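Structure record follows, encoded as structure tokens.
Each value in this text was obtained by applying a stated rule to the coordinates, not by laboratory testing. Predicted model only: the values in this text are computed from it and were never measured. Please note: Cβ atoms are built from the backbone with ideal geometry, for glycine as well, and neighbour counts cover all protein chains shown.
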Amino acid sequence: MDETRQIFVGDAALATGFRLAGFEVVADAGVAQLDEILEELRNTRAHAFVVIDQQLAESDSQRLAEVRREGGRILLTQVPSLTEPDKMHSSVDNHIQQLLGLDGDKP
């Protein structure tokens, strides 16, 4: 089986911990860099565990949206900012709220 790459993309304040844990780190990356990394992973059909920060998770990256829809080889998760950990909002939060009947669109 191929080795799974472990990659952190995001805020430099979070990068040190991931680097110490053995992750490849792309600190203070923007959406363009995230897109490049995800595209390379998709093109090479690499297995990867990718951790992104909250800001990138909320970006309008088309590659990010594609990876989220695909599932499979690229496992994607996100971490909150060190300065605002209570503002964490996962990409699946809205789905869970809808399943539980707690979505804000209903009276």
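Worth a mention:
- Among the residues making up region 34-69, those that are loosely packed, with under 14 Cβ neighbours inside 10 Å, out of contact with any helix residue (DSSP H, G or I) (no Cβ under 8 Å at 6 or more places or on another chain) and either on the phi > 0 side of the Ramachandran plot or not charged (D, E, K, R) (or both) are 43, 44, 45, 65.
- Summed over region 30-50, residues that are of a type in the set (D, E, K, R) and in contact (Cβ under 8 Å) with a residue 12 or more places away in the chain total 4.
- Hits in region 49-69 - residues which are more than 8 Å from the chain's Cα centre (by Cα) and more than 21 Å from residue 21 (Cβ to Cβ): 58, 59, 60, 61, 62, 63, 65, 66, 67, 68, 69
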